[in-house]
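So the structure is just underneath, and the comments pick up after that.
The values are calculated or read from the model by the stated rules, or taken from the named source; none is laboratory data. This structure is a prediction, so every number in the text was calculated from the model and none was measured. Note that we place each Cβ from the backbone using ideal geometry, even for glycine, and neighbour counts take in every protein chain shown. To get the accessible areas, we keep the full protein, side chains included, count just its heavy atoms, and leave off ligands, DNA and RNA. Shrake-Rupley method; radii C 1.70, N 1.55, O 1.52, S 1.80 Å.
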Amino acid sequence: MRIGEIAALVGVTPRAVRHYHHQGLLPEPVRRANGYRDYSVRDAVLLARIRRLTELGLGLDEVGDVLADDEGRELVEVLAELDDDLARQQELLAERRARLGAVLEQARSGRLPAEGPVSPELAALFGSLAGEAAGRPESATAAKEREVLALLDTVVPAGDRDRLLGAMRRIAEAPGAVERVYEVYGLFDALADVDADARDPRVEAAARALAGCVPDEVVAGLGEKDTSAGEGGSPFVDAFFAEFHPAQAEAVRRALRLVAERSR
């Protein structure tokens, strides 16, 4: 194959092929008598692997390290690994389409939250809370809570996310939960105008109200897990608390300490 033919076969440009030669990723093939490069099937396999690795986000130096591990292997081994790579990509694509399908269904039915797209589990939680809160005035604290949950839904590992949403569902389903939650929202909304003085009794009242929203069964499930978030040391935690008014942030920290005491 000539350079234009192998480039078209793999789905790259001849310029990219020449760049990979220059970077030492793709060895120069033998040349015909007329001086044209003559590429083999193995060259095409290697070029396809380079393309896939770069599409996965690897830099060219990292691609070179991966390819170095392939030296000396039989063609059938390389082809088998490429087949495995394609199978994994198909699985990821299927998962993405499934998530997209769930979001599309939410959008078509008018159930896509303003913070969306989010996971179906969080969308169901948002929908349940919205139904319970119908007719109540919007709370700035409630809106901020939804934003934070949408962020956690994306960045937290799946297992931790499921535990978090499970706890949130149990909190929302507890008897009288909606009334208590909106009482907390009101207390926290009021703290937005409070001086950041930790001695203000409204800070303690908001903290105790928030801690009281966590059912005993949820607290029991915490066991010996760390519930002291907000004490600093994590860039995400620091950024999270920076979103709150200082008095609100202090109330959240106190609430977390109260919940931690109950879990011991």
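Which residue is least open to solvent (accessible area, probe 1.4 Å), if the candidates are limited to the stretch 132-144 and must be at pLDDT 80 or above and out of contact with any Asp or Glu (no Cβ under 6 Å at 6 or more places or on another chain)? Residue satisfying both the conditions and the ranking: Ala142. When the residues of the stretch 56-68 are filtered to those that are surrounded by 10 or more Cβ atoms within 10 Å (Cβ to Cβ) and farther than 11 Å from Gln23 by Cβ, the one that is modelled with the lowest pLDDT is Leu56. Just one of the listed residues (Ala8, Ala44, Ala48) is open to solvent by 50 Å² or more (accessible area, probe 1.4 Å), out of contact with any Asp or Glu (no Cβ under 8 Å at 6 or more places or on another chain) and not assigned by the TED database to the domain that holds Leu82, and it is Ala8. Checked against the criterion of being out of contact with any Phe, Trp or Tyr (no Cβ under 8 Å at 6 or more places or on another chain), surrounded by 14 or more Cβ atoms within 10 Å (Cβ to Cβ), assigned by the TED database to the domain that holds Ala143 and at pLDDT below 75, the candidates Phe240, Phe244 yield just one match: Phe240.
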